[in-house]
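The values are calculated or read from the model by the stated rules, or taken from the named source; none is laboratory data. Keep in mind it's a predicted model, so treat the numbers as computed, not measured. All Cβ positions, even for glycine, are placed from backbone atoms using ideal geometry, and neighbour counts span all protein chains on display. SASA here: full protein model, heavy atoms, side chains in, ligands and nucleic acids out. Shrake-Rupley method; radii C 1.70, N 1.55, O 1.52, S 1.80 Å.
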Amino acid sequence: MAEDEDADADADARYDDEDSYGDIKKFIYINRKAPHGTVYALESLEVVLIAAAFDQDVSLVFMDDGVYQLKKNMDTNELEVKNFSKTYRALEMYDIDKLYVERESMEQRGLSIDDFIVDVTVLNSNELAKLISEQDVALSF
Amino acid sequence: MKFGIVVHEGPYQHQASDSAYLFARAIIEGGHDLYRVFFYHDGVSNASRLSLPPQDDRHIPNRWSDLAEEHGTDLVICVAAAMRRGILDDDMAEKHGLDASNLAAGFRISGLGQLIEAGIQADRLVVFGD
């Protein structure tokens, strides 16, 4: 076998090892959409809950209209759609506790940290850009 | 380099699945490894074999199926997203007592763990969508 094929085989063996995915990767989930109106927010939350089972490093960002996902006192009765607001409070039980809100998005919408249903860290867009650049995988919803 | 692709949007309505397809081909033609294409949100509709576009238009589901047949590309659609939107394989149709299934050739239905796994295994995970 040629030397480069050996190297490929070694790489495959490493990736095929299902028991350990090697180093823990840093995943960041960037939520940019309002909680209702489209299904992105709900289905993003479903990904995050599954991700928790994979023992990876997970962070969540809420920016643009995504900051509304964390708004307290959500009532969806008139919309006749599922209210998944309380699920954000359950994230802590899945050891997902790194939640970030972009300051500019929050302030442009007249919101403050007291309006949110969970504890968050507020970052300005430069700080957020730095945080995202430090991640291995960024999924945007 | 090992790539993973995520498609968040349906075919025809949105350019995302076209761009994802062209990017997938470029990965393969560039001699890279395409670990998986994962379809989520309305992206699962890329897997409907009942799509009937006009003859002078591209056939998006068939194009994916051809890619899988020619290159063994792993095309996975999210089961929860698919069930909401009526994309079913034979087993699911039978299990839920429905009279038809519509999963196109080359696709398989699985869980969101396949998306996370693609993120872990790939050197780059590229998301196509809004």
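Among the residues of region B:103-130, what is the count of those that are part of a loop (DSSP other than H, G, I, E, B) and crowded, with 19+ Cβ neighbours inside 10 Å?
Within region B:103-130, the first condition is being part of a loop (DSSP other than H, G, I, E, B), and the residues that meet it are B:104-106, B:111-112, B:122-123, B:129-130.
Right, trim to crowded, with 19+ Cβ neighbours inside 10 Å and you get B:104, B:106, B:112, B:122, B:129.
Counting residues in region B:103-130 that are part of a loop (DSSP other than H, G, I, E, B) and crowded, with 19+ Cβ neighbours inside 10 Å gives 5.
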**Q.** Residue selected from region A:51-73 under the condition within 9 Å of chain B (Cβ to nearest Cβ) and in contact with a helix residue (DSSP H, G or I) (Cβ under 6 Å, 6 or more places away or on another chain), by the criterion most open to solvent (accessible area, probe 1.4 Å)
**A.** A:Phe54
**Q.** Subset of region A:105-141 (residues that are in contact (Cβ under 8 Å) with a residue 40 or more places away in the chain and of a type in the set (D, E, K, R))
**A.** A:Arg109, A:Asp115, A:Glu134, A:Asp136
**Q.** Pairs where the first residue, in region B:102-130, is within 19 Å of B:Tyr21 (Cα to Cα) and the second is β-branched (Val, Ile, Thr) and outside any strand (DSSP E or B), C-beta under 7 Å, 6+ apart
**A.** B:Leu103/B:Ile87; B:Ile109/B:Val79; B:Leu115/A:Val47
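Taking the options B:Asp74, B:Asp130, B:Asp123, name whichever one is within 14 Å of chain A (Cβ to nearest Cβ), closer than 30 Å to A:Ile30 by Cα and at pLDDT below 95. Walk me through it before giving the result.
Working: B:Asp74 fails: at pLDDT below 95; B:Asp123 fails: at pLDDT below 95.
So the residue among B:Asp74, B:Asp130, B:Asp123 that is within 14 Å of chain A (Cβ to nearest Cβ), closer than 30 Å to A:Ile30 by Cα and at pLDDT below 95 is B:Asp130.
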Q) In region A:45-80, what count of residues is obtained for those that are among the acidic types (Asp, Glu), in contact (Cβ under 8 Å) with a residue 12 or more places away in the chain and outside any strand (DSSP E or B)? A) 3
Q: Scan region B:1-54 for residues that are under 9 Å from the mean Cα position of the chain (by Cα) and either surrounded by fewer than 17 Cβ atoms within 10 Å (Cβ to Cβ) or assigned to a loop (DSSP other than H, G, I, E, B) (or both) and jot them down.
A: B:Tyr40
(Q) Restricting to region A:33-44, count the residues that are surrounded by fewer than 20 Cβ atoms within 10 Å (Cβ to Cβ), in a helix (DSSP H, G or I) and hydroxyl-bearing (Ser, Thr, Tyr). (A) 0
Q: Tell me which residues, restricted to region B:87-102, are open to solvent by 20 Å² or more (accessible area, probe 1.4 Å) and not in a loop (DSSP other than H, G, I, E, B).
A: B:Asp90, B:Asp91, B:Met92, B:Glu94, B:Lys95
Q.
Conditions first: (1) part of a helix (DSSP H, G or I); (2) within 14 Å of chain A (Cβ to nearest Cβ); (3) open to solvent by less than 40 Å² (accessible area, probe 1.4 Å); (4) closer than 18 Å to B:Arg49 by Cα. B:Arg84 passes all but one, so which condition is the exception?
A. (3)
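Using the structure shown, decide if B:Pro61 is in contact with a His (Cβ under 6 Å, 6 or more places away or on another chain) and either within 15 Å of B:Ala104 (Cβ to Cβ) or touching a residue at least 24 places away in the same chain (Cβ under 8 Å) (or both).
Numbers: in contact with a His (Cβ under 6 Å, 6 or more places away or on another chain): no; either within 15 Å of B:Ala104 (Cβ to Cβ) or touching a residue at least 24 places away in the same chain (Cβ under 8 Å) (or both): yes.
So B:Pro61 fails the test.
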Q) How many residues are more than 24 Å from A:Met74 (Cβ to Cβ), within 14 Å of chain B (Cβ to nearest Cβ) and open to solvent by less than 40 Å² (accessible area, probe 1.4 Å) if we restrict to region A:122-141? A) 2
Q.
Could you go through region A:50-62 and let me know if any residue there is of a type outside the set (Val, Ile, Thr) and over 26 Å from B:Ile120 (Cβ atoms).
A. no
Q) Can you name the condition, by its number, that A:Asp119 falls short on among (1) within 14 Å of chain B (Cβ to nearest Cβ); (2) more than 27 Å from B:Gly111 (Cα to Cα)? A) (1)
